[in-house]
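Student: Got a structure for you, written out below as structure tokens; questions coming shortly.
The values are calculated or read from the model by the stated rules, or taken from the named source; none is laboratory data. Here the structure is a predicted model, which means the values were calculated and not measured. For neighbour counting, all protein chains shown are included, and Cβ atoms are generated from backbone atoms with ideal geometry for every residue, glycine included. Please note that ligands, DNA and RNA were not included when accessible areas were found on the heavy atoms of the full protein model with its side chains. Shrake-Rupley method; radii C 1.70, N 1.55, O 1.52, S 1.80 Å.
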Amino acid sequence: MLNTSIEICTNILNYNNTLHISYIVWHTCGLLCTIFGIPGHLFQILIMLNKTNRKQSISLYFLAIAIFELIFLVGIFWLWCVDMSIIKTDLREIISCGIFYSILVGPTILSNLYLALMSIDRTFMILYPTRYRLLITRRHVLIRIFLILIIVILFMIPHHFYFYYNRKTTIFICEFYTFIDHWKIRAWPFLHAILFVLLPSIITCISSVILLHNRCNQRKITKNKSSETARRMTRNAILIFLISIFILFSLLPTVIVEIFIVNDRLFNHDIFCSIRWRQYRILLNWFLTLSALNYSSKFYLRLIISKTFRRDFIKLINFISLRQQKNNEQSLVPLNNRNTAKNTER
């Protein structure tokens, strides 16, 4: 009887105009974000691996962020394909919903933490220019990157046992088992919101403000036109500040809604037929759209703001074009040789 009532409520909700509009926005923007975001992150990975960038410790953070946000966008694209019935195989039913939840949520957590760590390192470089080379090395950065990765993996392991997928009742990626201790289920959204979203965003914002304040003070002291390096640092600080604000206002509301969903699922047994259930679906469609937009636009924002990054991107495009041209020429050589041999025989 419960499944029948759930199915009836879901069918009623599907005809709601506001819900329908939110689905249209999510399906349209989700596709566009993945189409543009996945190649953007691939380009950023290649740029960070060139001879100049891979020697810089900060570039390792950009590389790690690009890799994990690429994983997130691939997961979002798979979710979009399943939602549009393009792909019939739902990974949540094959590899378990908990693992799929980790594939989507884990990379966003890592991206936020790496961005905060990178901001801290950049601030330390500005405030202590003579000492940072001893503490911020490629080896130290790699240790921090792998240490954070291990910690997040340990946090995500329990979700494999907490979550499952039910096509009729699942509203937020996965459904959780109600027989699990309630405090374990309720603690995770709060931990996610405070420790993995709010705190890293605040750290990143504060670090960016400190860097911008330092640049302004230096300009007042010297009273000269800023060097290219100083202008590049200012542009990067503005970029990171904007990204942190975007993360805060796109990801934090999603986690807050998750808190309310968990609370209602535990204590409100009639939630499936309530108006609030419809509101949750609408909000999550919008927040999924904002998250996809957030994690697909960083490459293009950096391309617009950073001259150095644009120069590296142009070099990469030229290199790819030259390689393609060279391959085409090599493929034409055997054909020309065959034509020459035929003409000789005649």
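Student: Residue check, residue 259 against (1) modelled with pLDDT under 75; (2) of a type in the set (Val, Ile, Thr); (3) in contact with a Phe, Trp or Tyr (Cβ under 7 Å, 6 or more places away or on another chain), all met but one. Which one?
Tutor: All conditions are met except number (1).
Student: Does residue 209 count as under 27 Å from residue 124 (Cβ atoms), open to solvent by less than 40 Å² (accessible area, probe 1.4 Å) and modelled with pLDDT of 80 or more?
Tutor: no
Student: Would you check if there is a residue in the range 64-76 being of a type in the set (D, E, K, R) and part of a helix (DSSP H, G or I)?
Tutor: Checking the range 64-76: at least one residue is of a type in the set (D, E, K, R) and part of a helix (DSSP H, G or I).
Student: Looking at (1) modelled with pLDDT under 85; (2) more than 27 Å from residue 26 (Cβ to Cβ); (3) open to solvent by 80 Å² or more (accessible area, probe 1.4 Å), which is the only condition residue 178 fails?
Tutor: It fails just one condition, (3).
Student: Let me ask you something else. Among the residues of the range 159-175, what is the count of those that are open to solvent by 50 Å² or more (accessible area, probe 1.4 Å) and either under 23 Å from the mean Cα position of the chain (by Cα) or acidic (Asp, Glu) (or both)?
Tutor: Number satisfying all stated conditions: 1.
Student: Among the residues of the range 185-195, count how many are in contact with a Phe, Trp or Tyr (Cβ under 8 Å, 6 or more places away or on another chain) and open to solvent by 70 Å² or more (accessible area, probe 1.4 Å).
Tutor: Summing the residues that are in contact with a Phe, Trp or Tyr (Cβ under 8 Å, 6 or more places away or on another chain) and open to solvent by 70 Å² or more (accessible area, probe 1.4 Å) in the range 185-195 gives 0.
Student: Out of 332, 322, 316, 303, I need the residue that is open to solvent by 80 Å² or more (accessible area, probe 1.4 Å), in a helix (DSSP H, G or I) and at pLDDT 85 or above. Which one?
Tutor: 322
Student: Oh, and also: Quick check on this structure: which one of 6, 87, 12 is open to solvent by 60 Å² or more (accessible area, probe 1.4 Å), of a type in the set (A, V, I, L, M) and modelled with pLDDT under 85?
Tutor: 12
Student: Considering each of 117, 147, 113 in turn, give the residue that is open to solvent by 80 Å² or more (accessible area, probe 1.4 Å) and in a helix (DSSP H, G or I).
Tutor: Answer to the selection: 147.
Student: Looking only at the range 15-51, which residues are without any contact (Cβ under 8 Å) to a residue 24 or more places away in the chain and under 19 Å from residue 295 (Cβ atoms)?
Tutor: 28, 32, 35, 39, 48
Student: Going by the structure shown, is residue 201 modelled with pLDDT of 80 or more and farther than 30 Å from residue 172 by Cα?
Tutor: no
Student: Additional query: Taking the range 35-62 as the search range and keeping residues that are at pLDDT below 90 and of a type in the set (Ser, Thr, Tyr), which one is nearest to residue 108 (Cα to Cα)?
Tutor: It comes out as 59.
Student: Have a look at 217, 224 and point out the one that is farther than 30 Å from residue 259 by Cα, modelled with pLDDT under 75 and not in a helix (DSSP H, G or I).
Tutor: Unique residue meeting the criteria: 224.
Student: Go over the candidates 198, 142 one by one and state the one that is surrounded by 13 or more Cβ atoms within 10 Å (Cβ to Cβ) and under 21 Å from residue 291 (Cα atoms).
Tutor: Being surrounded by 13 or more Cβ atoms within 10 Å (Cβ to Cβ) and under 21 Å from residue 291 (Cα atoms) holds for just one of 198, 142, which is 198.
Student: Consider only pairs whose beta carbons are under 8 Å apart and that are at least six residues apart or on different chains; among these, list those whose first residue lies in the range 204-231 and is closer than 28 Å to residue 246 by Cα and whose second residue is among the aromatic types (Phe, Trp, Tyr) and at pLDDT 70 or above.
Tutor: 204/241; 205/241; 208/241; 209/241; 212/241
Student: While we're on this one: Whether any residue in the range 83-98 is within 15 Å of residue 288 (Cα to Cα), out of contact with any strand residue (DSSP E or B) (no Cβ under 7 Å at 6 or more places or on another chain) and in a helix (DSSP H, G or I) is what I want to check.
Tutor: Yes: one or more hits.
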